[in-house]
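Data first, discussion second: the structure below is written as structure tokens.
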Amino acid sequence: MADVLDVRAEIDELIAGRTICDQLRTAAERHPGAPAYSDPGAGGGWVTLTYAEARLRVLEIAAGFAALGLRPGETVALMMVNRSEHVLADLGAVHAGGVGCTIYSTFAPGQIAFAAADAGAAYAVLGGPDDLARWQPVLGELPGLRKVILLEGAPAGDRFMAWDDLLALGRSALSADPEAAEARLRAVTAEDVVTVLYTSGTTGTPKGVPLTHRNVLYEVAATDRMARLPERGTQVSYLTYAHIAERVLSLYLPLVKASHVHFCTDLAQLGATLGQVRPMLFFGVPRVWEKMMARLLAVLSAQPEERQEAVRRAMAAGLAYVEAGQHGHTVTPEVRAAYERADAELLAGVRALIGFDRAEWTATGAAPLPAEVQRFYAGLGLKVIDVYGMTETTGAFTGNGPGCYRLGTVGRAEPGVEVRIAEDGEILTRSPLNTRGYLNRPDGTAALVDAGGWLHTGDIGTVDDDGFYRVVDRKKELIITSGGENISPAAIENHLKEHPLVGQALAYGDNRPYPVALLTLDADMAPGWARARGIEGTLAELAAHPDVLKEVETAVAAANQRLARVQQVKRWALLGAEWTAETEELTPSLKLKRRVIHAKYADLIEELYSG
């Protein structure tokens, strides 16, 4: 305990009194000509702002917000794809004494209205007509929203404003009175709220989570201390800024490490963007890693058999090397030599194929990464390490590092962070990362943080003798069968998804005699698998094809072999459509919305038990 508090004191001293405004100033002064933000150019290539240019733009935007009437503490809501303007608008609001609040672009209009009203949004910055279409139906319910600023296609009317007009207003105001802008940002303190993020609605109504400058700077410092992230590294921003991981890693971290952020505005182009940028650090939710693996497997499966065998041998050497490097293990000279040969001959080239030849830190979180996916990347020589946290803990509060990791775990407590397992198995944490509570939800806050300052995660976990934590499942999502057995649905689902044909899986069985499962095909892998066997058709047609069903039956049987008898799936159904955030089975961070799926497929679930 003394060590934890000593480390906490060291980090607190490092960030004492500092704000995000201070960090941008420091980055611009130390690295004025260094590239900060790059957007895809209209004709290819990149359009880049340096740190000095970015800070000037932020000050202009801050002056523009102030001229419009933004008061300290008021919120600016943001909804647009990841692009430099998103970051600049957020930082501009903060420099003006306001709060940036990115709202999930997949929220329904009613959810948008709730979040904007709950956060007290005085202004909104939207990308264009598609974003405005989500807001338009509820603008009448938001009398406190004084102005809607659009990057593209601003309609006529006093309530709307074009982004270029905001910039022009800001340039004029900053030129006329630069001291006013400086006074605004100097008044910002470390304990002020820097952002409010809304939970993605896995368990019902989204909840607003206010985070302070101290929260986010402590998270950056603790993560850097554990992972030793590169200075002035390259990275790709593609997950929504409504997601705490993306916010920390590609909005706040770059201001401390002077990183170069490249924006991927379309997830379908992520593979191409990775190949262009060759990032030094990269975070992906499990579904992103799964889809990249599926695409790479499809490419490899098209190679001649002798080439495939060479890849398998090389990947066996890569896996042995990564496994041997785990905490408590030893990399023997033989294992190292075998890996170095395999890397030089093949693996480095495969990593380059997917843009990871320069990667120094690759990580995952938000949901469990299936073991086979982690092992696949280990075979390529990539340590895709797990971190664990929540919006309410400013992101990760446990994590593996490149030099200290254990596969299959979410790592150890971050520096200066206390973590313990309660008597009922729930993971609790206490540290400067914890939010002060939910916005306007005193009842929710009381349930979240107890009198001792311990935040209740709602997750069930275990810890081993070396301090590495494992997350078993959500406390409220554990299946309790009619026989009284407690079962983790995630454990079943991860085994089912190890087969490349299976895209998503949901295990069900609460108060039932045994688990059943709903499965979807992997839209990237299934068509290629089918064509190789002379089968053509849509995803729905493939889901009904006897050969596909037989292969999925094999996948379920293989998963059952690795599960305890009470966990084994007795019956299952293969659906003819993908689950996505747009069709509402997944949250915007690509986690299962169990309640939605249970309701949507209630009749099918009943058939699985009655048939």
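The values are calculated or read from the model by the stated rules, or taken from the named source; none is laboratory data. Because the structure is a prediction, the values reported are computed rather than measured. All Cβ positions, glycine included, derive from the backbone under ideal geometry; neighbour counts span all protein chains shown. The protein model used for the area step is the full one, side chains on, heavy atoms only, and it has no ligands, DNA or RNA in it. Shrake-Rupley method; radii C 1.70, N 1.55, O 1.52, S 1.80 Å.
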### Query
Just checking, which of D118, D131, D158 is over 18 Å from N440 (Cα atoms), part of a helix (DSSP H, G or I) and among the acidic types (D, E)?
D131
### Complete set of residues in segment 294-314 that are part of a helix (DSSP H, G or I) and under 17 Å from P500 (Cα atoms)
A294, R295, L296, L297, A298, V299, L300, S301, Q308, R312
### Query
Can you pull out the residues in segment 127-151 that are surrounded by 20 or more Cβ atoms within 10 Å (Cβ to Cβ), among the hydrophobic types (A, V, I, L, M, F, W, C) and touching a Lys or Arg at 6+ places or on another chain (Cβ under 9 Å)?
L145, V148, L151
### Message
Going residue by residue through segment 334-343, is there one that turns out to be in a helix (DSSP H, G or I), open to solvent by 20 Å² or more (accessible area, probe 1.4 Å), over 19 Å from M280 (Cα atoms) and touching an Asp or Glu at 6+ places or on another chain (Cβ under 6 Å)?
### Response
no
### Task
Consider only pairs whose beta carbons are under 7 Å apart and that are at least six residues apart or on different chains; among these, list those whose first residue lies in segment 120-135 and is of a type in the set (S, T, Y) and whose second residue is open to solvent by 10 Å² or more (accessible area, probe 1.4 Å) and part of a strand (DSSP E or B).
Y123/K147
### Matching option when the condition is surrounded by fewer than 24 Cβ atoms within 10 Å (Cβ to Cβ), among the basic types (K, R) and at pLDDT 95 or above, among R441, R412
R412
### Query
Given the residues G452, G458, G437, G467, which is the only one that is within 29 Å of E10 (Cβ to Cβ), in contact with a helix residue (DSSP H, G or I) (Cβ under 6 Å, 6 or more places away or on another chain) and not aromatic (F, W, Y)?
G437
### Task
Give the residue that is modelled with the highest pLDDT, with candidates limited to residues of segment 444-490 that are closer than 28 Å to H327 by Cα and of a type in the set (G, A, S).
G467
### Message
What's the number of the only condition in (1) open to solvent by less than 40 Å² (accessible area, probe 1.4 Å); (2) free of Cβ contacts under 8 Å to residues at least 60 places away in the same chain that T462 fails to meet?
### Response
(1)
### Query
Within the group L439, L382, which residue is in contact (Cβ under 8 Å) with a residue 12 or more places away in the chain, among the aliphatic types (A, V, I, L, M), in a loop (DSSP other than H, G, I, E, B) and within 26 Å of E493 (Cβ to Cβ)?
L382
### Message
One residue is enough: does segment 303-315 have a residue meeting the conditions open to solvent by 60 Å² or more (accessible area, probe 1.4 Å), β-branched (V, I, T) and modelled with pLDDT under 95?
### Response
no
#### Entry: Selection within segment 271-288 - open to solvent by less than 20 Å² (accessible area, probe 1.4 Å) and assigned to a strand (DSSP E or B)
L281, F282, G284
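For (1) more than 32 Å from the chain's Cα centre (by Cα); (2) surrounded by 12 or more Cβ atoms within 10 Å (Cβ to Cβ), each residue gets a yes or a no:
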site: L519; (1), (2): no, yes
site: A523; (1), (2): no, yes
site: G528; (1), (2): no, yes
site: A532; (1), (2): yes, no
site: I535; (1), (2): yes, yes
site: A543; (1), (2): no, yes
site: V552; (1), (2): no, yes
site: N560; (1), (2): no, yes
### Summary
Taking segment 562-587 and keeping only residues that are at pLDDT below 85 and surrounded by fewer than 20 Cβ atoms within 10 Å (Cβ to Cβ), one is left with R562, L563, A564, R565, V566, A581, E582, E584
### Query
Scanning segment 416-436 for residues that are part of a loop (DSSP other than H, G, I, E, B) and either of a type in the set (S, T, Y) or closer than 21 Å to V194 by Cβ (or both), which turns out most open to solvent (accessible area, probe 1.4 Å)?
R436
